[in-house]
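The values are calculated or read from the model by the stated rules, or taken from the named source; none is laboratory data. Model, not experiment: these values are computed from the prediction. Ideal geometry is used to build each Cβ from the backbone, glycine not excepted, and the neighbour counts take in all protein chains shown. The accessibility values were calculated without ligands, DNA or RNA, using every heavy atom of the protein model including side chains. Shrake-Rupley method; radii C 1.70, N 1.55, O 1.52, S 1.80 Å.
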Amino acid sequence: MPENVNLLVVTLRLRVKNCLAWCGLILLLSAAVVAQPPSPRAVLGFHPTDDKTIADWGQITDYFTKLDRGSDKVLVREIGKTTLGKPLIAAFISSPGNIRNLDKLQRISQKLGDPRTVAGEAELASLLKDGKTVVAISCSIHSTEIVASQMSMNLAYELATAADDETREILENTVLLLIPSSNPDGVQMVADWYRKTLGTKSEGTAPPELYHHYAGHDNNRDWFMLNLKETQAITKLYWQEWFPQFVYDVHQMGQAGARFVIPPFHDPPNPRISPSIVREVGLVGYKMAADLQAKGIEGVATNTTFDMWWHGGFRSAPYYHNSIGILSEAASADLMSPVTISKDQLQRTRPARGLTSPLATDIAHPDAWEGGLWRPKDIAEIEMTASRALLSLAAKYRHRYLKNFYELGRANIQPDKNSPQAFVIMAGQPIAETVTRFIEILKWQGIEVHQMTHELWVKHSPTEEFHEIPLNSFLVFTNQPQKNNILSLFEKQVYPNRINANGEPDPPYDVAGWTLPLQMGVETYEIWDIRELDKYRGTLKKVENIDQVRAVQNLGPSGGPFAKFRNPLRTEPRIGLYKGHGSSMDEGWTRFVFDTFQIPFRSVTDAQIRSGELPYDTIILPADSENFILRGLNAERYPAEISGGIGEAGAENLKKFVENGGKLVCFDDSCEFVIKRFGLPVKNVLNGVNRRDFYNPGSIVKIEINQNHPFGRAMPPEAAAYFTNSSAFDVQSTGLSRPGESERPPEGGTQNVRVVARYAEKDALMSGWMLGEKLINGKAALVETDFGRGKIVMFAFRPQHRGQSFGTFQLVFNAVEKN
């Protein structure tokens, strides 16, 4: 080859090499630019939590998707769909190495959550060495408490970009499961409403509808019942897949009290919560408080308002799964608009239990806030500080938290002479679909259930003789990691008799009793001993899926988790369900029950009732107050077209509807409106009664049912009803006075009242707490009366309470049937 040609070839090769080098450098630089985590401002065009800005759910998911693409510390997964079909997401945030090894870290957490799967001390030591503390933080389940959903983007970005030692330790030693909102439908609704009303008289108000399609505020009351799609998806993430050691639920509260409420909580603790959990909850709260105090943030309170008794909340359910549940409540702004709170407002605010005044300083509230401007960014700063306090604690004491989590589970699988050995769900119950749903609820939250393929001889108490339990019953042994959860769901609650110095009851936060088999009408018994268990253990078949249970019950395949039930009605009534503007959770739960049982109905609006066009056989008034029904939303804050309720014209139209042959069915609170407006010979004996004389904040009570009345069809003679500050009727004119009597024809007039169910004559309390029971003993709990050519049905209690009280659903179904 000629020399000049050689020179040309070498030159070309050098140029190609240089070109490739430059191209490689350009690609590396481009990749570095692309890989930079985007800030929320860069994606949204504003900084989340700034005044009068709001990101909707589409924007929030878009931001987290882009953060996932731009950071090797963030992985975003869709964990399910919401009730209205939106994506429900969780962001996994940790070090790049941990993100690459998420599957391994998940398996470690699963093993620590079930000590029976750990082979021995050597494997345990390895798990504790390699495992990471799993911390779940969930934001804005109550979507008018909107700031946390906006703050979540700032928290994720900070963890993905900060390079300080504390952040590095957090990322190395923890896996954060960050849920930007466990109620995306509500976040979208609030964002739409806020933007629509910005600059109007309605700015900062709550949307004029439930912020969860069915449950509204009660979406945080579903964590053992699992009625809602969001609850089901997150329960699966937590208690089937990841087993977090911490669950932190971020909330807001009213405006004119403390600025921030955190643990330790108020008394009483539930005896089924480990004392270790109680202490750890308090420790986290004090760490948060100390970090907030160090930043000079005033108005932080502990030991107030919220207790550790009840089961079914986002942060309280984890206690029964051996996890540390944390709740925080920040004072609210007007959604994303700032507010000014005066010292006088704080002075006039009724103090929360445990505090003397929002302005007073004491051990639980050492640095009072005296008022001023309160902005969304103030809330966000508090929530960010609290979140990082939790994460730093979880990171610094990683080994300790993992070991404690394991030890709590191991303690639960040891023999215990002070608790039942098992609970039995009896075979042959006529409510096969309900029994199946009950078992599905247990299994979904990680409880093991066994089918009996052979009869067993058992004792229902330590002192009883053995007797036989039939095959195809189901056993739930208590010596499993979920022991405290099992006991708290099956046992009857006995709330402590807490009376203050004034002789008044100290109310629990939420409810006092919730025993699930009682609410659902499922027959279960304690088992304290099983004869020759080792001999028959091989005949017990672990329930692997719900279709196995359905087959035993002679039911067809489910078609998927939490499938709908068959329509139970024998007729096809035209049902209208009153849905006023505002947020009636009882209306939402009634819709949920009808949708779940595939019962057709239509919502009836204020305008429809005012117009008098009511083409229905039956109209249902949920447990709404007279003021809500008649007056609705306040016209000073809401547009005229959605304010004002049904008004006087609507009340008269309801009367005409019944007089002309319609049926009006009323639940609990709405009965008082009907009694007054229709002049019925029925009185709520609890009206005006002082709490010292009667109090029932949410308990299960016994009712006696007249099975000869059409409403008593397919009901047992006694049932468990849910009573929550409910009613008890004294009836002046009675067609059916006691269960068991036959129905007599009306004795004349249009107000012959027939009692279908009464509260028990004695021992009415079945689970929870009730003072002054004698005031309701023997009083009417369900009545029917003639009015013109129509009928009025009044439930003194809520027969569809939170979609949980399956045991009284049948009374509703019977009441809405065509007569």
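Structural remarks
- Förster radius 30 Å - calculated FRET efficiency between K656 and R631, Cβ distance, rounded to 0.05: 0.90
- Simple Cβ-charge dipole of the chain, Lys/Arg +1 and Asp/Glu -1, about Cα centre, in debye nearest 20: 1120 debye
- Solvent accessible area, Å² - E587, 1.4 Å probe, full protein context: 10 Å²
- Solvent exposure, largest accessible area first (probe 1.4 Å, DNA, RNA and ligands not counted), of R315, R498, R691: R691, R498, R315
- For D222, D50, the ranking by accessible surface with the largest value first comes to D50, D222, using a 1.4 Å probe.
- Reported value for the range 484-578: 245 Å³ per residue, from the convex hull of its C-alpha atoms.
- Share of carbon and sulfur in the accessible heavy-atom surface of the chain [1.4 Å probe, %]: 51 percent
- Here is what passes the span test in the chain: the DSSP H helices with alpha carbon length of 15 Å or more along the helix axis and a Kyte-Doolittle mean of 0.0 or above are 3-35, 147-161, 275-294, 376-396, 432-444.
- Taking all protein chains together and a 1.4 Å probe, the residues D114, D669 rank D669, D114 from largest to smallest accessible area.
- Euclidean distance between Cα centres, the range 94-144 to the range 403-442, Å: 24 Å
- Computing Rg and the Kirkwood Rh from the Cα coordinates of the chain gives a ratio, Rg/Rh, of 1.02.
- Look at where the Cα atoms of the range 499-513 and of the range 520-563 average out, and the two centres are 38 Å apart.
- Reachable lysines, given that their alpha-carbon falls under 20 Å from the alpha-carbon of K295 and they are not under 8 places away in the same chain: K287, K377
- Neighbours of A206, meaning other residues whose beta-carbon lies under 12 angstrom from its beta-carbon, give a summed charge of -3 when Lys and Arg score +1 and Asp and Glu score -1.
- Accessible surface for E523 stands near 80 Å², nearest 10, in the context of the full protein assembly shown (1.4 Å probe).
- Note, ³J(HN,Hα) from phi for the range 692-708, Karplus 6.51, -1.76, 1.60, rounded to Hz, x at Gly and Pro: 5, 9, 8, 7, 8, x, x, 8, 9, 10, 8, 10, 10, 10, 7, 6, 7
- Normalised per residue, the accessible area of the chain is 39 Å², obtained with a 1.4 Å probe and no contribution from ligands, DNA or RNA.
- Length-normalised contact order for the range 345-502 - Cα pairs under 8 Å, 6+ apart - percent: 20 percent
- Applying a threshold of 30 Å to the alpha-carbon distances of K201/K564; K201/K229; K86/K564 flags K201/K564; K201/K229 as lying beyond it.
- CD proxy at 222 nm, helix term only [per DSSP H run n ≥ 4: -39500 (n - 2.57); per residue of the chain; nearest 500]: -10500 deg cm²/dmol
- For K791, the aspartates and glutamates whose Cα comes closer than 13 Å to its Cα, not counting residues fewer than 8 places off in the same chain, are D617, E659, E817.
- Short-range pairs are left out: with C-alpha atoms under 8 Å and at least six residues apart, the relative contact order of the chain is 11 percent.
- Measuring only protein heavy atoms, the 1.4 Å probe finds M766 accessible over about 40 Å².
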